[in-house]
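Just below is one structure, and these are the notes that go with it.
Rule-based calculations on the coordinates, nothing more; no lab input. On a predicted model such as this, the values are computed, not experimentally measured, just so you know. Here the Cβ is made from the backbone with ideal geometry for all residues, glycine too, and neighbour counts use every protein chain on show.
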C-alpha cells in the first residue's frame, strides 16, 4: 500500500497545462473554502451548460455549495484556473459509488470550451482516480451533449457507451488504452 501514496501525491499536484489554442490553465485539487470562487465560475456559465452538467438549472449559489461540499475521502475533485485573474474555469469530480467505481462529472466554462480543457480534466481525473483504486468512471450525459461524448470517445481510455432515453451512460476505464484491455459493463 505504501507505493501508492507517492504516486497519488504526484497525481494530485497542481500542474500548468497549455491548451490547443496556446492558453495556459492550472489544474489542481479543489481546496476547502473555495465556494466563493466556484460561485463566480458558475455565474459565468450559460444556462445550457449548467443544464448539461446538473440536468437542471440550479442557482449559482446552490450549485457552488453542492460542488464545494462534495469530496469525501476516496473522491477526487479538480478545478482548472485560467485567464489573467486565474479564476476557476472548469470543475471535474469522481465521486466513489463502489469499491472500484466512481460517478464522474465535468463542467467547463463556455468561453473555455473547444480548447481541449475537457480532455485535460478527464485525463487528470482518471489518473488520480486510478491511484485511489477506482477502475471505472461512470458519467451520465444528455444525449444531445455531443461535445462531451466526443471527449470521452477521444480520451485514449476504454469507453463503453450505453444509450438511454433520458441520458447516455458512459463507462470510462481509468487505465489508458495503451495499458488496458476492453472495458466490461
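Just want to confirm a number: the relative contact order over the chain, from Cα pairs under 8 angstrom separated by 6+ residues, in percent.
Working: 331 pairs, mean separation 32.2, N = 185.
So the answer I get is 17 percent.
Report summary: the helix-based calculation at 222 nm, which adds -39500 (n - 2.57) for every DSSP H run with n ≥ 4 and divides by the residues of the chain, gives -9500 deg cm²/dmol. Listing 123, 66 from fewest to most neighbouring C-beta atoms within 10 Å gives 66, 123. Peptides 159-168, 72-81, 46-55, 126-135 ranked from most to least packed by the mean count of surrounding Cβ atoms within 10 Å: 126-135, 72-81, 46-55, 159-168.
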